[in-house]
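The structure appears below as structure tokens.
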Amino acid sequence: MKITKYYIDNAVYKAEDENGNVIWLTVDYWNNKFDLSSQNKILENFAKTLLNKKHRVNLVDKVIQ
């Protein structure tokens, strides 16, 4: 069987600031959305970058070699 499509659907990332506060970033790559457990402009910009790169992108060439 040959895999022809491979997408990232949802992912959860854990970030910590210098004070040890945890911020959860949940990314819904398929629907082009993200959510932060606490407001953080740096992580918001990072999430937008992730979505620009991976929103409904077929990654099969990077996974199957």
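Only the coordinates and a few stated rules stand behind these numbers; no lab work does. Given the structure is predicted, the values throughout are model-derived calculations rather than measurements.
For the chain, the mean residue ellipticity at 222 nm estimated from helices alone is -8000 deg cm²/dmol, where every DSSP H run of n ≥ 4 contributes -39500 (n - 2.57) and the total is divided by all residues, rounded to the nearest 500.
Counting only residues at least eight positions apart within a chain, or on another chain, the lysines with an alpha carbon under 22 Å from that of Lys41 are Lys14, Lys33, Lys53, Lys54.
Can you work out the base-10 log of I(q)/I(0) for the chain at q = 0.27 1/Å, using the Debye formula on its C-alpha atoms alone? One equal scatterer on each Cα of the chain leads to -1.11.
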